[in-house]
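Novice: Can you keep this structure in mind? I'll have questions shortly.
Values quoted throughout were computed directly from the atomic coordinates according to the rules given, and no laboratory measurement underlies them. Since this is a predicted model, take the numbers as computed values, not measurements. Every residue, glycine among them, receives a Cβ derived from its backbone with ideal geometry; neighbour counts consider all protein chains shown.
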Amino acid sequence: MPYRFLFDEHVSHPASEALRARGVDVTHVLDVGLARSSDADVLARAGAEGRIVVTRNYRDFAQLVQAYRAGDRPFPGVLFLPVSLSQADVGAHVEALAEWIAAQGSKPNPVENSFGWLRAP
């Protein structure tokens, strides 16, 4: 699988476990000691590990993406979950990311040094 992911704190933790069971390389901030960390720390960790951040926090991460791009700092990207998806809807989180992965096929990372949106299933 060419894509690796880091789920932000406000993304379903059980969804990360369900995706791992499907063979997706995903970790959650709660699993790697980043609980209550700043968004900048989350993005830095994701970049260091070659992981795409999955988050619901458009306001803060969109600004971080702009700052990284302005500073010509490469990063694997950020995927936003729509706020219409409840954090408690584990299945919707799993399906949204699984559908995005399937749609990419073997293409290069379309959100590298940028961001994109996951669709609600």
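Novice: Need one number: nm distance between label points at Asp89 and Ala40, each 7 Å from Cα along Cα→Cβ, rounded to one decimal.
Specialist: 3.4
Novice: Between Ala103 and Gln63, how many nm apart are label points set 7 Å from Cα along the C-beta direction?
Specialist: Here the answer is 2.8 nm between the modelled labels.
Novice: Separate question: For the chain, what is the mean residue ellipticity at 222 nm derived from helices alone (per DSSP H run of n ≥ 4: -39500 (n - 2.57); sum divided by total residues; nearest 500 deg cm²/dmol)?
Specialist: The helix-only estimate for the chain comes to -12500 deg cm²/dmol at 222 nm.
Novice: In addition: When a footprinting reagent is the concern and you count Cβ atoms within 10 Å, what order do Thr27, Thr55 take, fewest first?
Specialist: The fewest-first ordering by Cβ neighbours comes to Thr27, Thr55.
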